[in-house]
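Just below is one structure, and these are the notes that go with it.
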Amino acid sequence: MNALSQPRRPLAESSSRRDASHFINGEFTQGTTGKFYDNFCPVDGSRIGSVPEGGKAEIDAAVKAARAALEGPWGKMSLNERAALLNNVAAAINRRFDEFLEAECLDTGKPMSLASHIDIPRGAANFTMFIDVAKTVSTECFPMDTPDGAGALNYGLRRPRGVIAVISPWNLPLLLMTWKVGPALALGNTVVVKPSEATPLTATLLGEVMNTCGVPKGVYNVVHGFGGNSAGEFLTQHPGVNGITFTGSTRSGEMLMREAARGVRPVSLELGGKNPGIVFADCDMDKAVEGTMRSAFANCGQVCLGTERVYVQRPIFDEFVARMKVGAEGLKLGRPEDPTTGIGPLVSETHRKKVLSYYAKAVEQGATVITGGGIPDMPADLAGGAWIQPTIWTGAADDAAIVTEEIFGPCCHIRPFDTEEEAIKLANGTPYGLAAAVWTENLSRAHRVASKLEVGICWVNSWFLRDLRTAFGGAKASGIGREGGIHSLEFYTEMTNVCVKL
C-alpha cells in the first residue's frame, strides 16, 4: 500500500488503459447487444477504451448465474468457508493495490493521494469487516409460557435474502460498490453489479480477483450499461432479483422504488443530500476551517456526505469566509499521480455542465462570488479535462437554487446566523437529511444540536470519520434503510422465527 512511494508515469501513458468487459458466471464477455460506448479519462479527455452496454440477455444470464450459485456450491458453503474466500479477496485487492489505484484514478481523475488512503483500502476493508459481523452476530431467543405449562422456545434464524442487485455510483466506485458487495457475500447472498457507466474499471478488475481467489462462478457478476432502457432498468425489473441496493440521486431512487414494488422487493437506498455545516463562535477555528475545506472540496466536491451549506455564527463569519477563501485558492489542480495535487477534475464533461449551470444560477440569483465560479486555466495537456474552480458564495437567499438543490461539485454557500435555534432551523430546512457537521468546543451544545438535526449521521468537530460498525443511511429524501455493522443484516438477510413447543 505504498503506491505513491515511487514516481509514476502520467495516466495518459499508462498501460492500464483498456476496454471493460461484463463479468458473468465467472467469464469475461462483451455480450450480445453489439452496443459499446467510449470511456474517457476526466483528467485530459483522452479515451480509455470501450465499454459494452448490457441488455436484457446479459442481465438475465447474470441473474440466472447468481441463482445457480445460490443453489450450488456457494449456497452449500459453511460460513467459515465463505469467510476464508472473502478474506482472500481482500488480501488480493491489497496485493494488486497499484492496479486498483490506477484503474480508479483513470475513471475518476481523483488524486492518487486521496484514493490510496481512502478508496482502495476501504474497498478491501469492506470485505473483512463484514466477515467479522457475519461471524459474531447473534439472534434473539425467547422462552414463553403456554397454557399446558410445558412452555415453548422461540429463536431466530437468519438466511441470505438471495440475488442482490447492486447499483453503485461513480464518485467512490470501488469503495461504495464493495460497501454493498461485502455484506451481501459475507451473509451468503450472490450479486449482480451494475456500476456507473462512467466508472467501469474497478468493478471489472474485481472479477479477476474473484476468479483468482476461487470464488464460485455466479457469486459475483457485473453488467455494464446505463439506467433507463439499459442494464440498470433491466436489472431492477428482473423478477429473479430479491433485493435492490442503490446509491445515487433521489430522483433515480424514486424511479427504482416503483420498479421494486413489482414483487414487493426490499430496497436499501442512499440518495441525495444538501448537507449543512454549523460553525459556532466557540469553535476551534483551525479545525473548523480545515474540516469544512475537506467537506466542501474533497474529491472535487463529489461526495454524498459533503457540505454545500455552511452556517457560521455572526461574530466569526467574516474571518471564517476569509480563511475559506485562502484555503480554496490554495488548492492545486493537477494530475492524479502528482503527490502535490489537492483537487482533481469532475468525473465528466456532462457533470461539469451541470455544475457550471449552478455557478451561473448563483450569479443570476444574486449570490456574491467569494472565489472561483468558472473553469480554470489549465496547461495544454490537461485542457480537455473536466476541470472546474473550487467556489465559495455568500449572500444568496435561503430559497436560491445553490442553497436548496444538490450540486455535487467543489462549492459551498456560507451564511451567517445568530442563535443556536436559528442554526438548527436553517440546517433542517431542506427535504434532505443525509449528514451534518457541527463545530463547537461546548460539549453540551454539541450533544444538544446533534440530537435535533434531521440527518442520518452528524459529525462533531470532524468530517468523514467513519466506523464501519455504525449505522449509515439518510433521513427524509436522502434514503431508506441503514447499512453498516449489524444494521446491514436487516436488508441482506431474511429472519425466520422458529417456535418449538416443549
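The values are calculated or read from the model by the stated rules, or taken from the named source; none is laboratory data. Computed from a predicted structure; not experimentally measured. Note that we place each Cβ from the backbone using ideal geometry, even for glycine, and neighbour counts take in every protein chain shown. We work out accessible area using only protein heavy atoms, side chains counted, and drop any ligands, DNA or RNA first. Shrake-Rupley method; radii C 1.70, N 1.55, O 1.52, S 1.80 Å.
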>> I need the full set of residues from segment 431-455 which are touching a residue at least 40 places away in the same chain (Cβ under 8 Å), touching a strand residue (DSSP E or B) at 6+ places or on another chain (Cβ under 9 Å) and open to solvent by 20 Å² or more (accessible area, probe 1.4 Å), in order please.
In response: P431, Y432, R445, V455
>> Quick check on my filter: what residues within segment 115-127 are part of a helix (DSSP H, G or I) and either over 15 Å from the mean Cα position of the chain (by Cα) or farther than 19 Å from D44 by Cα (or both)?
In response: D119, I120, P121, R122, G123, A124, A125, N126, F127
> Among the listed residues F464, F491, which satisfies the condition of being modelled with pLDDT of 95 or more, of a type in the set (A, V, I, L, M, F, W, C), under 15 Å from E270 (Cβ atoms) and not in a helix (DSSP H, G or I)?
Replying inline: F464
> Could you give every pair whose Cβ atoms fall below 6 Å, whose first residue belongs to segment 140-158 and is closer than 28 Å to G75 by Cα, and whose second residue is open to solvent by 90 Å² or more (accessible area, probe 1.4 Å) and among the aromatic types (F, W, Y), counting only separations of at least 6 or pairs across chains?
Replying inline: N154/F142
> Which of the residues that make up segment 42-63 are of a type in the set (D, E, K, R), within 27 Å of F234 (Cβ to Cβ) and crowded, with 18+ Cβ neighbours inside 10 Å?
Replying inline: E53, E58
> Looking at segment 72-98, which of its residues are touching a Ser or Thr at 6+ places or on another chain (Cβ under 7 Å) and either closer than 24 Å to Q302 by Cα or open to solvent by less than 10 Å² (accessible area, probe 1.4 Å) (or both)?
Replying inline: W74, A90, A92
>> Quick test of your reading of the structure: I244 fulfils all but one of (1) open to solvent by less than 10 Å² (accessible area, probe 1.4 Å); (2) over 22 Å from the mean Cα position of the chain (by Cα). Name the failing condition by number.
In response: (2)
> Counting residues that are of a type in the set (F, W, Y) and within 28 Å of the chain's Cα centre (by Cα), which helices (runs of 4 or more DSSP H) fully inside segment 343-447 reach at least 1?
Replying inline: 349-364
>> If P379 satisfies all but one of (1) out of contact with any helix residue (DSSP H, G or I) (no Cβ under 7 Å at 6 or more places or on another chain); (2) in contact (Cβ under 8 Å) with a residue 12 or more places away in the chain, what's the number of the condition it fails?
In response: (2)
